[in-house]
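Novice: Let me begin by handing over the structure; questions about it come next.
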Amino acid sequence: MSDDGTIEISCDRDRLDIDAIHEFLTQSYWSPGVPKEVVCKAIANSLCFGVFQGTRQIGFARVTTDKATFAYLADVFVLEEFRGQGLGKRLIASVMAHPELQGLRRFMLATRDAHQLYARYGFTPIAAPSRLMEVLRPDVYREELPDR
């Protein structure tokens, strides 16, 4: 691990700063107010990528996958003070090059504003959107639910 300011991308779950990840995600447009327990469960059940400057976590991405046919990229971020340095590109390149994510039939994501970034790595609009369906609960983190 580098303490000299060098940027590293790692899948080592032990290095992840859960508090920093939760703090960012709870303020993001896609998961406002997400409970920490939900973040912990999502991380435990996903392939995660941390971006680190020394020991400080400055970015993150999470992939939900069966490692054979399908993957969904989520929770991608680089802290604002580190944007504009190509770290988002490095992070997505690392995700796309990961050995357990090769040969998948479908790799999906949802984004409000980063279409150009993801297009560099082969992502395109859904070819047949009428085939996809969803259950959307945008206020789920504000609702009282039984044990998660």
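Novice: To two decimal places, what compactness ratio does the stretch 87-148 give when its Cα radius of gyration is scaled by 2.2 N^0.38 Å?
Specialist: Working: Rg = 15.5 Å, N = 62, 2.2 N^0.38 = 10.6 Å.
The value comes to 1.47.
Novice: Right, something else. Apply 1/(1 + (r/R0)^6) to the Cβ-Cβ distance of His115 and Glu143, taking R0 = 30 Å, and write down the FRET efficiency to the nearest 0.05.
Specialist: Numbers: r = 30 Å, r/R0 = 1.00.
Efficiency, from the Cβ-Cβ distance: 0.50.
Novice: A follow-up question, please. Would you mind putting 117-127, 52-62, 88-98 in packing order, based on average other-beta-carbon counts within 10 Å, highest first? Present the calculation step by step, with values, prior to reporting the outcome.
Specialist: On the way: 117-127: 11.4, 52-62: 19.5, 88-98: 17.1.
Ranked from most to least packed, the peptides come out as 52-62, 88-98, 117-127.
Novice: Once you put a point 7 Å from the Cα of Asn45 and another 7 Å from the Cα of Glu23, both along the Cβ direction, what distance in nm separates them?
Specialist: Placing both labels 7 Å along Cα→Cβ, they lie 2.7 nm apart.
Novice: Per DSSP helix of 4 or more residues, -39500 (n - 2.57); summed, then divided by the residues of the chain. What does that give at 222 nm, rounded to the nearest 500?
Specialist: Values: 4 runs with 35 residues, N = 148.
Helices in the chain give a 222 nm mean residue ellipticity of -6500 deg cm²/dmol.
Novice: Report the relative contact order of the chain, percent, no decimals, based on alpha-carbon pairs under 8 angstrom and at least 6 residues apart.
Specialist: On the way: 179 pairs, mean separation 30.2, N = 148.
About 20 percent, as a whole number.
Novice: Stokes-Einstein D for the chain at 4 °C, 1.567 mPa s, Kirkwood Rh over Cα pairs, in µm²/s?
Specialist: On the way: Rh = 16.4 Å.
For the chosen part, D equals 79 µm²/s.
Novice: Val76's amide H: which non-local residues (gap 5+, or another chain) put their own amide H closer than 5 Å, with H modeled 1.01 Å from N in plane and none for Pro or chain starts?
Specialist: Arg62
Bear in mind these aren't lab numbers, they're just calculated from the coordinates by the rules spelled out. Just so we're clear, the structure is a prediction, and the values are computed from it rather than from any experiment. Here the Cβ is made from the backbone with ideal geometry for all residues, glycine too, and neighbour counts use every protein chain on show.
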